[in-house]
Amino acid sequence: MYRASLSVMAVIASLAALSTAAAAEVRITVDKRTQRMTVTVDGVERHAWLVSTGLEDYVTPTGAFTPSRLARHHFSREWDNAPMPHSIFFTDAGHAIHGSSAIGRLGQPASHGCVRLAPRNAEALFRLVLAEGLENTKIEITGDEPIGIALGGEPGSPRRYGRLTSFDPLTTGIMAGGSGPRARVSESPGSSEKPSASATQAPMAATGAP
C-alpha cells in the first residue's frame, strides 16, 4: 500500500511538472502608429493582424499590461449594448481586445478606446490566451499617444477620464463590485460583466468601448 501511494504521488508530481512546462509565453504587441498587432508564442511570431485602436477623444492607453479577465460574450453598457465578442480585458478601466464587425475600418483608429480585431482573429487570440493562461500572456501597446497627455495632463500626472464617461464607476460602472477573483472566463452574455476594481486606476467609457 505504501509503495502504491508513492507511485501515485510520483505520477501526480510528474503530470504537474509537465503541465507547468507546457505553458507557453504569449506576447501581444499593438502598434498604434501602424494599427497592427503581432502575436508571438515563445518568441516565434504566430499572427500579424490589422486592428483599430481609439479615436482622438478615446485613446487606447500605451504601456505593458497583463490581461485580467476573459469574456466570450460581452456587451457595452455605454455604447448601446454593442457586442464585444471574445473580449480580453487588460485594464481596470475596461479596455479590452475584442472582435468587431466593423472590419472595413481595421487599419485605422476607430474605437472608443479598445483594440478591435476581425471576429475570426479575435476568437483565435481568445483561444490562445485561454489555453496558455492569463498569467503567461503579456500585452504591450506602443504609439505616439500616451493617454495622460491625450487627456490634457502632463507626463506623469494623474490620468483624468472625466471627458470619456457618463457614469459613476464606483457604483454603477466597471469598478463596482469589490475585488473578487480576476482570472475567470465569462460565458454569460449579460452586460453586467465587468473587470475587478483597482484603487489607483480611474475608468473610461471603454466598458465596452466597441
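The values are calculated or read from the model by the stated rules, or taken from the named source; none is laboratory data. Keep in mind the model is a prediction, meaning the values are calculated, not measured. All Cβ positions, even for glycine, are placed from backbone atoms using ideal geometry, and neighbour counts span all protein chains on display.
Condition test on Phe75, is it out of contact with any His (no Cβ under 9 Å at 6 or more places or on another chain), among the hydrophobic types (A, V, I, L, M, F, W, C) and closer than 30 Å to Ala23 by Cβ? So that I can check it myself, show each step before the final result.
Values: out of contact with any His (no Cβ under 9 Å at 6 or more places or on another chain): yes; among the hydrophobic types (A, V, I, L, M, F, W, C): yes; closer than 30 Å to Ala23 by Cβ: no.
No, not satisfied.
If you take the residues of region 82-97 that are under 8 Å from the mean Cα position of the chain (by Cα) and closer than 10 Å to Arg72 by Cα, which of them is surrounded by the fewest Cβ atoms within 10 Å (Cβ to Cβ)?
If we take residues in region 82-97 being under 8 Å from the mean Cα position of the chain (by Cα) and closer than 10 Å to Arg72 by Cα, then Ile88 is surrounded by the fewest Cβ atoms within 10 Å (Cβ to Cβ).
Among the residues of region 43-58, write down those that are among the β-branched types (Val, Ile, Thr) and either in contact with a His (Cβ under 6 Å, 6 or more places away or on another chain) or not in a strand (DSSP E or B) (or both).
Passing the criteria: Val51, Thr53.
Select from region 10-44 the residues that are of a type in the set (S, T, N, Q) and either at pLDDT 95 or above or loosely packed, with under 10 Cβ neighbours inside 10 Å (or both) and list them in ascending order.
Hits for region 10-44 are Ser19, Thr20, Thr29, Thr34, Gln35, Thr38, Thr40.
Of all residues being of a type outside the set (A, V, I, L, M, F, W, C) and touching a Lys or Arg at 6+ places or on another chain (Cβ under 8 Å) in region 44-57, which is nearest to Asp144 (Cα to Cα)? Just the residue, please.
The selected residue is Thr53.
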